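For reference, the structure discussed in these notes is given below.
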Amino acid sequence: MTDQDSRAISTLPVLGETAHQAYPSATLYIVATPIGNVTDITLRALHVLSLVDAVACEDTRNTAQLMTRFGLHKPLIAAHQHNEREVAETLIARLQAGERIALVSDAGTPGVSDPGARIVDAVRAAGLRVLPLPGASAAVTALSASGLVNDQFYFVGFLPAKAKQRENFLGTLRAVTATMVFYEAPHRILDCAVALAAAFEPEREVVFARELTKMFEEIHRCPLSEAEAWIKADPHREKGEFVVLLAGAPAAEDEQDVEAERILKILADRMLGQAGRQPGRPDHRPQEKRALRPRVAVKRRRLIGDREASSRSST
Ligand code: SAM
């Protein structure tokens, strides 16, 4: 970006729009922050962070650093996984006094494999307003660049760290047809790849989205049988942050077809039987009785239509 380009952005009329929106008091603002590239913060997030009375954050050092990069300085309240319930009480008292408070995590969207959900639950239960500001999340960022074609995804998050628990848990996912999204720590990425390869078919596609939005970003797709070799091919691969996406199991369409055919045959035989005709014999019945045949065809089309509609909604 040239200096001229960045000047153009700072004079955009849309910046004024951000300032003129409503930012109610006595409200908890859930603010997503970047997952790597600091400029991925939204204009609205910056405005809210400049407006609030305090920022509740997972790690005060990280958030202080982020705020400083944008010239922002606010009182910070530590709100991490070990004190969520107690801090919720403090935040509720301050919100009831009319304050605006932002909730952020170290990176991405609070409450998504990060602290925040218990605070939000308590604040909502106290009848106070919670206002979300959308922004970066590693799961959706990785999905958008994965090229795995599937309208459904199943967010798994972190797998159990212990091998046996991980193996058992992966066993429960074998029939999932949605794309599965895992978060993984760098020191466990190799174990994760090996465990996935042991639990699923070798030809299942897997995507490793590493260091998203950062300088050494890599997005690699391969069959599970090649996953371990890919990670081992470069010692740097066991460093950095990972989202792992696994293609879902193929939908069991063949079984559905067989079942639909079976039901249609029963229906057709019954209707023809009611009309006094042996199935498979030539139809010598009068015109009005033969008219039953199209009705069977209509019923068949309806059944197939229903089945196709339900299979479309489940892919
Ligand atoms: N709340 C965050 C979100 O909305 O994505 C997730 C926080 S979770 C504690 C951290 C995990 O998210 C990492 O271990 C990694 O699996 C994933 N992650 C975060 N940033 C990432 C990045 N830049 N590239 C790849 N994965 C990332």
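Computed extension gain for residue 162 through residue 117, at 0.36 nm per residue and net of the alpha carbon distance, reaches 13.7 nm.
Shown for 9, 92, 119: other C-beta atoms within 10 Å of each C-beta, ranked fewest to most, produce the order 9, 92, 119. In this rough spin-label picture, where each label sits 7 Å from Cα along the Cβ direction, the residue 18-residue 73 distance is 2.1 nm. Cβ crowding within 10 Å ranks 184, 167 as 167, 184, fewest other Cβ atoms first. Once the chain from residue 176 to residue 266 is taken as fully extended at 0.36 nm per residue, the excess over their C-alpha distance is 29.3 nm. Taken as Cα centroids, the stretch 90-123 and the stretch 185-230 sit 33 Å apart, rounded to the nearest whole angstrom. Taking the number of Cβ atoms within 10 Å of each Cβ as an exposure proxy, the fewest-first ranking of 15, 148 is 15, 148.
Bear in mind these aren't lab numbers, they're just calculated from the coordinates by the rules spelled out. Computed from a prediction, not measured in an experiment: that's the story for all the values here. Neighbour counts are summed over all protein chains in view; Cβ atoms, including those assigned to glycine, are modelled from backbone coordinates with ideal geometry.
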